[in-house]
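Enquirer: Attaching a single structure in structure tokens format; questions to follow.
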Amino acid sequence: MMRKTLFYALFLTLALTQVKAQMVNKGVLLIKDGTVVSAENDLENGTGGDFINQGKIFIKGAIVNDGYFHFMESGKPLVASNASLSLNGDGATISGTKEIFTNDIVLEAKRKSAVFRVEVPNFHIHGEASFDKGFINNGKNPIVFEKHATVKSISDDSFIRGLVTKKGTQKFDFPVGGDFYRPVSLGTATTDRSVSVRYYNTDSDFDYPHKDKKGVDVLDDQEYWTISSDDPQKESITLFWNDNTTSTDILSAKKEDLIHAFWDLKNRRWVGAEKITLDEPNQSLKADYSLETTMQPFALAVKSYDLIFYNVLSRDGDNLNRILYIEGIENYPDNNLRIFDTNGIKQFEIAGYDNENKVFEGESNVGGKHILPANVYYYVLVYKDEDGKEYIKKGILYIQ
């Protein structure tokens, strides 16, 4: 049987303390600033135990926390700290019924494939997280990066496989991945918010059908992310493609045709982002969103150049279906739209239709401006692609 070292009320202030037995705390254990503790085996903080680390502790075994595990004494305000927790074993489980709060944390496992399984309700990081070697597997139990927390040294050798939350306003690279590091980069915000990200290296089609889409030609069938925020403010989100994880359809497409796609939770379909900033050297795509409070899927995609006509105009005063909306027309700015009545008389013509400033609202602009009566009409759209090839679309338009 492994020998245990019990702590009931102890303040460690030595320059170096090495504990080879299992550490079990049932009282108050305070590791003061400037103290280094090396735990060769497991650390257990029992029910009612206060484990306060203000120094540096290296743990090679498991951690079980059923008490207060923090770098600040209970009831005291947060201040700048030198405290750090290093996980440097061959992989272990961090479990228990209570949350864990750390300042700095260092992953420095003995081997690259080592896994630290986090099963506590929440694992909070207030300082710097250094990902040197080894992985955190936490599933739905969030790793929470608090307001001033930062990350460094993230690579394919060390990241988080599970849910990650970031609080505050600062720019942040979420250290998430599956078999490889697959980050999401979050821009700077104007006010504090809490954004959560999780990565999945699997096809999203089963839960979020790829056939249901708008403005999207092809979706990545190898990976996707889910993202949410507690604040609807605009967020700058950057996704990255990767030769090891991204689908061939995405990698082989023209880079200028790559976009984000997000799952519209209300209408249950994928929607392509309209305004994308491409950074090909960094293999990244950036777009702005008002994030949902529910986890929302995001994926890399190829935009669609198809035109879809929403051909029913309504004058019921609710401002819906107010114009002839042509989805995808922004891809063909060199265009000309004509509208005819049932007698073949032209009632409307405009060049450069754009759904915003140049639109058809049910009014004639031929022979004097006037409102057209409710009836059936016909549209003819002539448009050219970037190579100058000309196309024609014809169809029926209804004014109600």
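Enquirer: Mind checking the full-extension length gain between residue 330 and residue 380? Use 0.36 nm per residue of separation minus the Cα-Cα distance, one decimal, nm.
Expert: Numbers: separation 50, 0.36 × 50 = 18.00 nm, distance 1.70 nm.
Stretched out fully, the residue 330 to residue 380 stretch lengthens by 16.3 nm.
Enquirer: Tell me, what is the percent relative contact order of segment 199-304, built from C-alpha pairs under 8 Å that lie six or more residues apart?
Expert: Values: 237 pairs, mean separation 43.3, N = 106.
Over segment 199-304, the number comes to 41 percent.
Enquirer: Give, as a single signed number, the net charge of other residues whose beta carbon lies under 10 Å from the beta carbon of residue 61, with Lys and Arg counted +1 and Asp and Glu -1. Walk me through the numbers before you get to the answer.
Expert: Values: positive: 60; negative: 40, 42, 44, 90.
Within the 10 Å Cβ shell, the charges total -3.
Enquirer: How high is the relative contact order of segment 278-388, in percent, counting Cα pairs under 8 Å that sit 6 or more residues apart?
Expert: Numbers: 146 pairs, mean separation 23.4, N = 111.
Rounded, it is 21 percent for segment 278-388.
Enquirer: Only bridges with both residues in the chain count here: give the DSSP antiparallel percent, nearest 5. Intermediate results must be reported in sequence, preceding the final value.
Expert: Working: 70 of 140 bridges.
Bridges in the chain are about 50 percent antiparallel.
Enquirer: Gain in length, residue 392 to residue 268, computed as 0.36 nm per residue apart minus the alpha-carbon separation, to one decimal in nm?
Expert: Details: separation 124, 0.36 × 124 = 44.64 nm, distance 3.10 nm.
Roughly 41.5 nm would be gained on extension.
Enquirer: Please identify every one of the trypsin sites (Lys or Arg not before Pro) in segment 325-400 that sits in a loop by DSSP and has no more than 11 other beta carbons within 10 Å of its own beta carbon.
Expert: 369, 389
Enquirer: Please sort 347-356, 155-164 by packing, taking for each peptide the average over its residues of neighbouring beta carbons within 10 angstrom, highest first.
Expert: Working: 347-356: 15.6, 155-164: 20.0.
The densest-packed peptide leads the list: 155-164, 347-356.
Enquirer: Roughly what % of Cα-Cα distances in the chain sit above 25 Å, to the whole percent?
Expert: When all Cα pairs of the chain are counted, 65 percent exceed 25 Å.
Enquirer: Something else now. Test of understanding: what is the full-extension gain from residue 284 to residue 314, defined as 0.36 nm times their sequence separation minus their Cα-Cα distance?
Expert: Numbers: separation 30, 0.36 × 30 = 10.80 nm, distance 4.06 nm.
Gain in length upon complete extension: 6.7 nm.
Enquirer: Taking residue 234 as the anchor, which lysines have their alpha carbon closer than 24 Å to its alpha carbon, excluding any fewer than eight residues away along the same chain?
Expert: 147, 166, 167, 171, 213, 214, 266, 275, 286, 303
Enquirer: Mind giving me the FRET efficiency for residue 110 and residue 82? R0 is 35 Å, r the Cβ-Cβ distance, nearest 0.05 is fine.
Expert: Efficiency at R0 = 35 Å is approximately 0.90.
Enquirer: Arrange 206, 71 by Cβ neighbour counts within 10 Å, fewest through most, would you? Walk me through the intermediate numbers first.
Expert: Working: 206 8, 71 25.
Fewest to most other Cβ atoms nearby, the residues stand as 206, 71.
Enquirer: I want to verify a result. In a Gaussian network model of the chain, Cα cutoff 10 Å, which of these has the top mean-square fluctuation: 217, 132, 387?
Expert: 387
Enquirer: May I have the pair-distance distribution P(r) for segment 199-304, computed from all Cα-Cα distances with 10 Å bins from 0 and rounded to whole percent?
Expert: 15, 53, 29, 2
Enquirer: Please list the non-local residues whose amide H lies under 5 Å from the amide H of residue 181, H modeled 1.01 Å from N, same-chain partners needing a gap of 5 or more.
Expert: 156
Enquirer: Related question: Averaged over every viewing direction, what's the projected area of the C-alpha convex hull for segment 250-346? Give it in nm², one decimal, please.
Expert: Details: hull surface 38.4 nm².
Averaging across all directions leaves 9.6 nm² for the Cα convex hull.
Enquirer: Taking every pair of alpha-carbon atoms in segment 308-399, give the share separated by more than 16 Å as a whole percent. Let's see the in-between values first.
Expert: On the way: 2170 of 4186 pairs.
For segment 308-399, the fraction of Cα-Cα distances above 16 Å is 52 percent.
Enquirer: Ok, one more. Once you list every other residue whose beta carbon is under 15 Å from the beta carbon of residue 358, what net charge do they have if Lys and Arg are +1 and Asp and Glu are -1?
Expert: Values: positive: 322, 338, 369; negative: 330, 334, 349, 354, 356, 361, 363.
Once positives and negatives cancel, what remains is -4.
Enquirer: What percent do you get for the relative contact order of the chain when only Cα pairs under 8 Å and 6+ apart count? Before the final figure, lay out the partial values.
Expert: Values: 1126 pairs, mean separation 28.7, N = 400.
About 7 percent, as a whole number.
Enquirer: Can you give me the distance in nm between label points at residue 205 and residue 33, each placed 7 Å from the Cα along the Cα-to-Cβ direction?
Expert: For the pair residue 205/residue 33, the computed spacing is 5.8 nm.
Enquirer: In what order do 181, 289 fall by count of nearby beta-carbon atoms within 10 Å, going from fewest to most?
Expert: Details: 181 22, 289 18.
Taking fewest neighbouring Cβ atoms as first place, the list is 289, 181.
Enquirer: Cα convex hull of segment 313-366: mean projected area in nm², to one decimal?
Expert: 4.2
Enquirer: For segment 91-214, treating each Cα as an identical point scatterer without solvent, what Debye log10 I(q)/I(0) comes out at q = 0.12, 0.21, 0.22 1/Å?
Expert: -0.45, -1.22, -1.31
Enquirer: Within segment 281-300, what residues put their amide N at less than 18 Å from the label point 7 Å along the Cα-to-Cβ vector of residue 275?
Expert: Label zone hits: 285-292.
Enquirer: Now a separate question. What ranking of 184, 271, 380 emerges when the number of other C-beta atoms within 10 Å of each C-beta is taken as an exposure proxy, fewest first?
Expert: Taking fewest neighbouring Cβ atoms as first place, the list is 380, 271, 184.
Enquirer: What FRET efficiency would be calculated for the residue pair residue 351, residue 66, taking the C-beta separation as r and a Förster radius of 45 Å, to the nearest 0.05?
Expert: Working: r = 72 Å, r/R0 = 1.60.
Approximately 0.05, to the nearest 0.05.
Enquirer: Sticking with this one: What does the highest-first list of 140-149, 314-323 look like by mean Cβ count within 10 Å?
Expert: Numbers: 140-149: 18.2, 314-323: 11.1.
Ranked by mean Cβ neighbours within 10 Å, highest first: 140-149, 314-323.
None of the figures in this text is laboratory data; all of them are computed from the coordinates on show. Since the structure is predicted, the reported quantities are computational estimates derived from the model, not experimental observations. So basically every Cβ, Gly included, is an ideal-geometry build from the backbone, and we count neighbours across all protein chains shown.
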